[in-house]
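Beneath this line is the structure, given in structure tokens, with notes to follow.
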Amino acid sequence: MKMMKFIVIGCGNIAQRCSIPALMNSGATEVVCVVDTDERKRETVETRFGLPFETDLKKVLDTYEFESVYISTPNAIHVQIVEQVAPYHKNILCEKPLAGSMADAERIAELGKQYNIPIFEGFMYQFHEQHKIKNQLIADGTIGEPQLFQGWFGFPPIAETDFRYKKSLGGGCVLDSCAYLVHSARHFYGCEPEHVYAVLSKEEGCEVETHATILLDFGKGRVANLVSGFNNKYKSQQIIWGSKGLLSLERAYALPPDFQSTLTIETQEGITQQTMPACNHFEEEMRYFVDNYATHAEAWREEFLNQTRVLMRIKESTIV
């Protein structure tokens with residue numbers, strides 16, 4: 001089986017812990033080089049992963065042989081990276097959020113069309129086996145007609161120097177943890193929200209929003225209530241309330257590959273629990289990309305434009 005060759009652009013925490021190992025171990029992809037402007041990361045890349053490390057992206061684009069790039073830089077830099085990579089006609093897999101503004105999303109879409117390349121916004125959680133099981137139970141009518149989707153994703157304080165706290169780098173919880181919630185609600189209902197309401201707040205001294213509570217109205221009585229934040233007790237949960245019952249997924253978004261979440265089903269007949277299978281959703285994402293990049297460019301483009309539109313409607317809310 002021919003492996004798709006990637007370069008990884010950006011070598012932060014997620015890339016080191018999850019993305020690079022997944023690209024190396026998926027069975028469908030391999031990494032030929034890691035690019036980062038921070039020379040201090042060279043030892044980690046060369047010693048831990050045994051991979052070439054470069055600081056000059058243009059040099060890598062001009063000299064290395066590969067088909068695809070994995071972008072793992074701060075949010076606001078994504079559009080600049082795509083502008084550099086697209087003329088080389090490379091496939092692009094970019095960590096969410098693909099764009100920090102509607103203008104950036106439209107520019108990225110334009111580049112994808114111009115150079116006829118697929119660009120995928122990477123929400124790895126959706127490829128976890130547990131969501132297939134959850135969705136099948138709902139499709140089978142286990143909880144009746146779904147009426148309310150609830151999602152929480154928040155975590156304890158992160159380092160003050162983290163890019164998520166910096167406005168110039170596309171920080172803020174809306175583009176970060178909240179993006180998962182919006183993505184999952186949109187895909188759960190299979191349509192775009194008709195109305196968007198949000199309450200955003202930031203802690204003293206922060207230049208970006210640190211908490212968000214959101215209500216998405218998808219019409220026909222279908223509603224999503226989403227809560228996101230940076231400085232909270234860790235929570236990563238989905239609850240779907242239906243006409244006949246309630247389904248709760250303990251860990252819905254970020255899971256270690258060996259973690260087994262719990263799915264709880266409540267109906268008039270009682271409460272049952274199922275242990276979900278462990279799954280490396282990053283590896284599953286890589287395999288999905290390889291299997292679909294040649295045929296899904298248009299669908300992926302429309303998807304990230306729709307996702308960005310909703311996030312921008314949320315960001316238009318006043319921050320208190």
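The values are calculated or read from the model by the stated rules, or taken from the named source; none is laboratory data. In this text the structure is predicted, and so the values were computed from the model without any measurement. Reconstructed Cβ throughout: ideal geometry from the backbone, glycine too, with neighbour counts over all protein chains shown.
Of all residues in segment 165-184, those being modelled with pLDDT of 90 or more, closer than 21 Å to S101 by Cβ and not in a loop (DSSP other than H, G, I, E, B) number 7. Looking only at segment 263-302, filter to residues that are buried (at least 20 other Cβ atoms within 10 Å of the Cβ) and more than 27 Å from Q237 (Cα to Cα); which one of those is nearest to the chain's Cα centre (by Cα)? Among residues in segment 263-302 that are buried (at least 20 other Cβ atoms within 10 Å of the Cβ) and more than 27 Å from Q237 (Cα to Cα), the one nearest to the chain's Cα centre (by Cα) is R301. Which residues, taken from segment 63-73, are buried (at least 18 other Cβ atoms within 10 Å of the Cβ) and either among the hydroxyl-bearing types (S, T, Y) or under 16 Å from S101 (Cβ atoms) (or both)? Hits for segment 63-73 are S68, Y70, S72, T73. Put simply, of Q150, Q136 the only residue that is in a strand (DSSP E or B) and either loosely packed, with under 14 Cβ neighbours inside 10 Å or not small (G, A, S) (or both) is Q150.
Condition test on L216, is it under 23 Å from H78 (Cβ atoms), of a type outside the set (D, E) and either outside any loop (DSSP other than H, G, I, E, B) or touching a residue at least 40 places away in the same chain (Cβ under 8 Å) (or both)? Here the answer is no, as L216 does not meet what is asked.
Among the helices (runs of 4 or more DSSP H) confined to segment 1-115, the ones with at least 1 residues that are of a type in the set (F, W, Y) are located at 102-115. Selection over segment 50-92 of residues that are closer than 27 Å to R164 by Cα, of a type outside the set (S, T, N, Q) and out of contact with any Pro (no Cβ under 9 Å at 6 or more places or on another chain) gives a count of 17.
Checking each residue in segment 136-155 for being over 19 Å from the mean Cα position of the chain (by Cα) and over 18 Å from V196 (Cα atoms) picks out Q136, L137, I138, A139, D140, G141, T142, I143, G144, E145, P146. Select from segment 27-60 the residues that are over 27 Å from P87 (Cα atoms) and of a type in the set (S, T, N, Q) and write down the one among them that is surrounded by the most Cβ atoms within 10 Å (Cβ to Cβ). Out of the qualifying residues, it is T44. Figure legend. Inter-residue proximity from segment 91-115: first residues closer than 19 Å to Y180 by Cα, second residues of a type in the set (S, T, Y) and not in a helix (DSSP H, G or I), beta-carbon distance below 7 Å, spacing 6+ or different chains. Indicated pairs: L93/S68; L93/Y70; E95/S72.
Within segment 259-294, the set of residues being in a loop (DSSP other than H, G, I, E, B), touching a Phe, Trp or Tyr at 6+ places or on another chain (Cβ under 9 Å) and either hydroxyl-bearing (S, T, Y) or without any contact (Cβ under 8 Å) to a residue 24 or more places away in the chain (or both) comprises A278, Y293. Across segment 23-59, the number of residues qualifying as out of contact with any strand residue (DSSP E or B) (no Cβ under 8 Å at 6 or more places or on another chain) and touching a residue at least 60 places away in the same chain (Cβ under 8 Å) comes to 3.
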